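In what follows, a structure is listed as structure tokens, so that the remarks can point back to it.
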Amino acid sequence: MSEFKLHCFAMSGNSYKVALFLALAEMDWTPVFVDYFGGETHQEQWRQEVNEQGEVPVLEHKGARFSQSALILDYLAEATGKFGPENVREEQEIWRWMLFDNHKFTSYYATLRFLYGIKKTGETAVTQFLRERAIAAYRIVDDHLRQTPFLVAARPTIADLSLAGYVYMPEDTGLPQEEFLHIAKWKDRIRDLPGWRHPYDLMPGPTSL
């Protein structure tokens, strides 16, 4: 039996953040497919047995369950001694970027991807708003990465894995990716890490609706 069990599905960028950690850290883990689009997370039994918040990822380890990707990444860094901070200041910076990710970088982009790239809504006032906000967040990250190879240090940390959740997803969002040269180089640096795999290769489930 694997040490870690991750409830996830291939199209979930938030799940990928955790799956990528487990892969790069060479952990012994098993993915458990969650039929999110089939409504599994809305079922009362699933919420009682897996996560009352009705979301993935959910990590199981040593009899405990953890949800919310940032918390899981923090737990894994502490439990394994990998991709974590080396001092208090780094810890603060990691959390600063993970909070920015959850509020801005991932949140706008992930919703835009779902509507425009997966549901194929076409351009609407909502997708236009989301794209504008996503571009603003991408510009902040791109400018920061102009100065450093990774977000917090000269090495990758869980801050990088958090922001990497959706950047390898292939769906068209209308985002001008060619403008973000430093993000592109950062993505290449993460992709070059031993153990990296694309989200659709790393987690189970369909890759389109």
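For segment 63-113, dividing the convex hull volume of the Cα atoms by the residue count gives 89 Å³ per residue. Take every DSSP beta bridge whose two residues both sit in the chain; close to 60 percent of them are antiparallel. For the pair Val88 and Lys119 in one chain, pulling the backbone fully straight at 0.36 nm per residue adds 6.9 nm over the alpha carbon distance. Positive-end ranking of Ile158, Gln177, Ser208 along the dipole of the chain, with charges on Cβ about the Cα centre, is headed by Gln177.
Computed about its Cα centre, the charge dipole of segment 88-191 is approximately 100 debye, with only Lys, Arg, Asp and Glu carrying charge at their Cβ. Once C-alpha pairs closer than 8 Å and six or more residues apart are averaged by separation and normalised to the residue number of segment 1-59, the relative contact order reads 44 percent. Of Val56, Phe114, Ala25, whose Cα points farthest to the positive end of the dipole of the chain (charges on the beta-carbon: +1 Lys, Arg; -1 Asp, Glu; origin at the Cα centre)? Most positive-ward Cα: Phe114.
In the chain, Cα pairs under 8 Å separated by at least six residues give a relative contact order of 32 percent.
With K and R counted +1 and D and E -1, the other residues having a Cβ less than 13 Å from that of Ala10 yield a net charge of -2. Quick check: pseudo-label points 7 Å beyond the Cα along Cα→Cβ at His103 and Ala64, how many nm apart are they? Spacing of the two 7 Å Cα→Cβ label points: 2.6 nm.
Would you work out if segment 44-134 is rounded, prolate or oblate? Take a ≥ b ≥ c from the square roots of the eigenvalues of the alpha-carbon gyration tensor; rounded if a/c is under 1.5, else prolate when a/b is larger than b/c, oblate otherwise. Don't jump to the answer; show the numbers that get you there.
Values: a/c = 3.48, a/b = 1.37, b/c = 2.53.
It comes out oblate by the Cα gyration axes.
Of the three principal axes defined by the Cα atoms of segment 1-103, the extents in descending order read 42, 34, 23 Å. One equal scatterer on each Cα of segment 88-191, no solvent, Debye formula: the resulting log10 I(q)/I(0) at q = 0.14 Å⁻¹ is -0.52.
As a check on your grasp of the helix formula, calculate [θ] at 222 nm for the chain: sum -39500 (n - 2.57) over DSSP H runs of n ≥ 4, divide by the residue count, round to the nearest 500.
Details: 9 runs with 92 residues, N = 209.
The per-residue figure over the chain is -13000 deg cm²/dmol.
When +1 charges are put on Lys and Arg Cβ atoms and -1 charges on Asp and Glu Cβ atoms, the dipole computed for the chain relative to its Cα centre reaches about 340 debye.
Viscosity 1.567 mPa s, temperature 4 °C: give me the Stokes-Einstein translational D for the chain in µm²/s, with Rh taken as the Kirkwood radius over C-alpha pairs. Write down the numbers at each step before the final one.
Numbers: Rh = 17.5 Å.
Estimated diffusion coefficient is 74 µm²/s.
Across all directions, the average flat footprint of the convex hull enclosing the Cα atoms of segment 140-209 is 5.4 nm².
We did not get these values from a lab; they are worked out from the coordinates using the rules stated. Small disclaimer: the values here were computed from a predicted structure and weren't measured. All Cβ positions, glycine included, derive from the backbone under ideal geometry; neighbour counts span all protein chains shown.
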